[in-house]
Amino acid sequence: MNRRDLLKAMALLPSSAMLGLSSQVMAAPATQNRLLLVFLRGGYDASNLLVPTSSNFYYEARPNIAIARPGSIPDAALALNADWGLHPALRDTIYPMFQQGEAAFIPFAGTDDLSRSHFETQDSIEMGQPLNTSRDFHSGFLNRLAKVLGNNGKVSAMSFTDQLPLAMQGQAHIANTALRNVSKANVDQRQRELIMQMYADTSLSQAVKDGFAMRDEVAREMAEEMNSANRNAISTKGFELEAQRIAKLMRDKYALGFIDVGGWDTHVNQGAATGTLAVKFEELGRGLAAYRTEMGSAWRNTTVVVISEFGRTFRENGKRGTDHGHGTVYWVLGGGIKGGQIAGEQVSLEAGKLFQNRDYPVLNEYRAVLGGLFSRLYGLNAGQVEQVFAGVKARDLALL
């Protein structure tokens, strides 16, 4: 039996037959609060997602990749308030949620980790432990949350990934299952051979060979960095179907879920209103909207939090892309949230306000923000928040 057939067979099994997947699995009550964490691996460019439209410095810093002010051109930013706009690729998906009070954004969010390394920062966030102490690399904050809630019989958890992520590792027994195959396009050898034949026995023959060799080397280096940053996460392509499948399981069986989506490391030609990043935003938005639809009435009790390990440089680089940064923007979606707002501490975006003269500063530390959300969602007291995020005082942004 291949993987697809196995998944189809699993879908037909009664709930009792699914118990072998995890000691935490149980049917999720219709009124139970559900949380899905979506991790965008690769550090997405938050400045072109939540556009600081009132900042002249933003437009000076990004002469080629800035998103135009609302109303200036057809593909301009979608106005959220006087200071912020949304990328136009989300016009039909996330923007209506914001207008209906089902989406909010938290700019200047992130971790105090200053490494700007995909691996170190992802690990730091998924562990959710203080940076200045000895850390347990087998204890993730979502696992600790599941343990706190599981002690009261309140939660069933699942990671929808190829491998169990660090965020879900720990004392609570949480399983993982990927709902789609990840495939990568192959290099088109036929076209390469045809081109080389065209220039065979000419003065350009060696130059063509050298060009292909250089192309291979650059592609290999970029692919290695991208794949490493993604950590086997799925891409946005096909995420819509993946999200629908996750929603069916979250609606009926699980109250706590995790999914990671890769491909956000945009060093070169990331584009503006159109282009590489815009396509990813559009695909991600479609997937999240499909998740909302598939949840049905359970959407009222569902919260989706979208995070990334860091943001990217505020200024564009010489290759019309952006490099590893610091602060980022978190998304909070859900049928029961107090959306339609840009939440958390903020600062005007001027040259002198950048962190180390290059990045968003982190004003809304992620553990405090998530601790506040968890407190609202599950009624956690200070002691329970301490078990999830040691040494952190929950910060309530009044989104729930």
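What follows draws every value from the coordinates through simple rules; no lab data is involved. Please read all numbers here as calculations on a predicted model, not as lab measurements. Backbone-built Cβ (ideal geometry, glycine too); neighbour counts: all protein chains shown.
In table form, for the structure just shown:
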{"item": "Distance in nm between pseudo-label sites at residue 348 and residue 79 (7 Å out along the Cβ direction from Cα)", "result": "2.0"}
{"item": "Taking 393, 253 and counting other C-beta atoms within 10 Å, the order from fewest to most", "result": "393, 253"}
{"item": "Listed peptides 236-246, 382-392, 157-167 by packing density, highest first (mean Cβ within 10 Å)", "result": "157-167, 236-246, 382-392"}
{"item": "Per-residue ³J(HN,Hα) for region 96-108, Karplus 6.51 cos²θ - 1.76 cosθ + 1.60, θ = phi - 60°, Hz, x for Gly and Pro", "result": "x, 4, 4, 5, 8, x, 10, 8, 9, 10, 10, x, 6"}
{"item": "Euclidean distance of C-alpha centroids, region 246-311 and region 127-151, integer Å", "result": "24"}
{"item": "Distance violations [Cα-Cα > 29 Å] among 209/280; 147/338; 147/248; 237/393; 248/338", "result": "209/280; 237/393"}
{"item": "Label-point separation, residue 358 to residue 171 (7 Å along Cα→Cβ), nm", "result": "4.0"}
{"item": "Extended-chain gain in nm, criterion 0.36 nm per residue less alpha-carbon gap, residue 163 and residue 195", "result": "7.4 nm"}
{"item": "Neighbour-count ranking [beta-carbon atoms within 10 angstrom, fewest first] of 204, 86", "result": "204, 86"}
{"item": "Förster-model FRET efficiency, 25 Å R0, residue 276 and residue 69, C-beta, rounded to 0.05", "result": "0.65"}
{"item": "Calculated from backbone phi, Karplus (6.51, -1.76, 1.60) coupling profile of region 313-323 in Hz, x at Gly/Pro", "result": "4, 5, 8, 6, 8, x, 9, 6, x, 9, 10"}
